[in-house]
Amino acid sequence: METRRRYNDFPTFLKRFFPGKVQKISLHAGFTCPNRDGTAGYGGCTYCNNQTFSPDYCRTEKPLAVQLEEGKRFFAHKYPEMKYLAYFQAYTNTYAALETLKRRYEEALAVDDVVGLVIGTRPDCMPDALLDYLEALGRRTFVLVEYGIESTLDRTLRRINRGHTWQATVDAVTRTAARGLPVGGHVILGLPGESREDMLGQAAELSRLPLDTLKLHQLQLIRGTRMAREYEERPEDFLPFDEADTYIALVTDYIQRLRPDLVLERFVSQSPKELLVKPDWGLKNYEFNHLLQKRMKETDAWQGKLYNP
């Protein structure tokens, strides 16, 4: 059995900070986004439906402490000694007045067995005053800031109504890393108009940033979104991932072009079947990871093999 790790995984990363098992609990803190309320645009990103990543315990009408306690009950049967990270996931979790944000974060940290925060946000929503607070907070607890990057190409960001530029990502990630905070990024592979070569080139661009962690997943077309309608009208603009093998081959090549020390947290996302148009591979995350590792072993691929600093 092969023991060599062909890429840096997230559980190993967390062991740098915590001695035991740690689990993220997703929260919906009631925030919105600047490209929904008119600050950066209207209607949100063309692919977006937050129902696709909100578990049952994660509802806006519930206080954060209730969401966390329900999340803890959901996971505790596996590992009774588990500790938890409050994951501010839905929408933009730095888009509010500073005092409001402080109250939300502190409320989550006050819950028993919560040992840190993961804060999902956008690159254009990180003022220096908030970074001042997060830097101080990071001295007493774990704080990971996770930016929705989605693409490194401005033409794509405009097309999906993202409402920020690639330069905004470069700026936000650089300023956050300079405060000594762990920084994560999230990208989507398969956005309309992007070729395989575009996506592989993205790996090199991301590797130049001071990112600690990276999530990537396949584009999922969700019922009722503008992107699903766009696909119906112009399917030729989308790189087909009808077969999981096509995506696995892309991810294998992508990983090889990434900086060797970057931590890879996720490769796929799973939306509820009732919302998903395509692709529907019927694979759990662990099943996909097994197939990916199998392909990497068969092709003698490893993270950073084709990285060119």
- Listed by first then second residue, the pairs whose first member lies in region 109-124 and is within 20 Å of Y95 (Cβ to Cβ), whose partner is polar (S, T, N, Q) and not in a strand (DSSP E or B), with beta carbons under 6 Å and at least 6 positions apart or on separate chains, are I119/N93; G120/Q89; G120/N93; T121/T92; T121/N93; T121/T94; R122/T92; P123/T169
- Message: Just to check your reading of the model, which residue among V277, V263, V268 is farther than 25 Å from F10 by Cβ, touching a strand residue (DSSP E or B) at 6+ places or on another chain (Cβ under 7 Å), of a type in the set (V, I, T) and buried (at least 16 other Cβ atoms within 10 Å of the Cβ)?
- Response: V277
- Residues of region 19-43 being farther than 27 Å from P127 by Cα and surrounded by 14 or more Cβ atoms within 10 Å (Cβ to Cβ), in sequence order, are K21, V22, Q23
- Task: Return the total of residues in region 152-170 being more than 16 Å from R226 (Cβ to Cβ) and either modelled with pLDDT under 95 or under 18 Å from the mean Cα position of the chain (by Cα) (or both).
- Result: 8
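The rows are residues; the columns are (1) within 23 Å of S269 (Cα to Cα); (2) surrounded by 14 or more Cβ atoms within 10 Å (Cβ to Cβ).
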| position | (1), (2) |
| --- | --- |
| C45 | yes, yes |
| Q67 | yes, yes |
| Y79 | no, no |
| T92 | yes, yes |
| D124 | no, yes |
| E150 | yes, yes |
- Note on the structure: Counting only helices (runs of 4 or more DSSP H) wholly inside region 187-267, the ones holding at least 3 residues that are under 25 Å from R122 (Cβ atoms) and modelled with pLDDT under 95 are 226-233
- Query: Counting just the residues of region 135-154 that are assigned to a strand (DSSP E or B) and free of Cβ contacts under 8 Å to residues at least 60 places away in the same chain, which one comes out farthest from L14 (Cα to Cα)?
  - Reply: I149
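The values are calculated or read from the model by the stated rules, or taken from the named source; none is laboratory data. Predicted, not measured: the structure shown is a model, and the values here were computed from it. Note: ideal-geometry Cβ built from the backbone for every residue, glycine included; neighbour counts use all protein chains shown.
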